[in-house]
Amino acid sequence: MSIVLDKAQELASAISVCDELSMLRDAAEKVDSDQAATFALKRFQDKQETLERAARSGLELPKDQLSEIQSLQKEIQGISTIRDFAEAQKQFNLLIDKVNDIIAAAVMGVHPGALQEEPHHHEHGPNCNH
């Protein structure tokens, strides 16, 4: 196995035992064992799928269904186990984003964080004003 793959395995092992992943797993277990949370999530996901199907079909949902989805979203945000899971997921994602930034910077030959400081250019060129 090459040194790159060896290091990738080391990184995977380190991530698998990091605090952020442990907290995410614990939070997910708490959501899974919280019947009110899982029921609210299921209802929200069902309504969200209805909304997405309607959007793909070019249909607009009636305002009462849109307000029902918004109400379900507020309900979900009020459940502590779901809020804790969302925060744990955010922290884990921040860690993975930092790892990706470090790898991208190394590949590009710059210091980590330098990629975020550079202005983004798009296909129209660096001097394009839109």
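Of the residues 21, 41, 5, which is within 20 Å of residue 93 (Cβ to Cβ), in the same structural domain as residue 106 (by TED's automatic domain parsing) and part of a helix (DSSP H, G or I)?
On the way: 41 fails: in the same structural domain as residue 106 (by TED's automatic domain parsing); 5 fails: within 20 Å of residue 93 (Cβ to Cβ).
That would be 21, the only listed residue that is within 20 Å of residue 93 (Cβ to Cβ), in the same structural domain as residue 106 (by TED's automatic domain parsing) and part of a helix (DSSP H, G or I).
Only residues that are assigned to a helix (DSSP H, G or I) and either loosely packed, with under 12 Cβ neighbours inside 10 Å or assigned by TED's automatic domain parsing to the domain that holds residue 93 (or both): list them for region 47-70, please. Give the derivation first.
Within region 47-70, the subset assigned to a helix (DSSP H, G or I) is 47-56, 63-70.
Within region 47-70, 49, 52, 53, 55, 56, 63, 64, 67, 70 qualify.
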Fill in the blank from the handout: For region 24-38, the count of residues that are assigned to a helix (DSSP H, G or I) and touching a residue at least 40 places away in the same chain (Cβ under 8 Å) equals 8
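The values are calculated or read from the model by the stated rules, or taken from the named source; none is laboratory data. All values derive from a computational prediction rather than experimental measurement. Note that we place each Cβ from the backbone using ideal geometry, even for glycine, and neighbour counts take in every protein chain shown.
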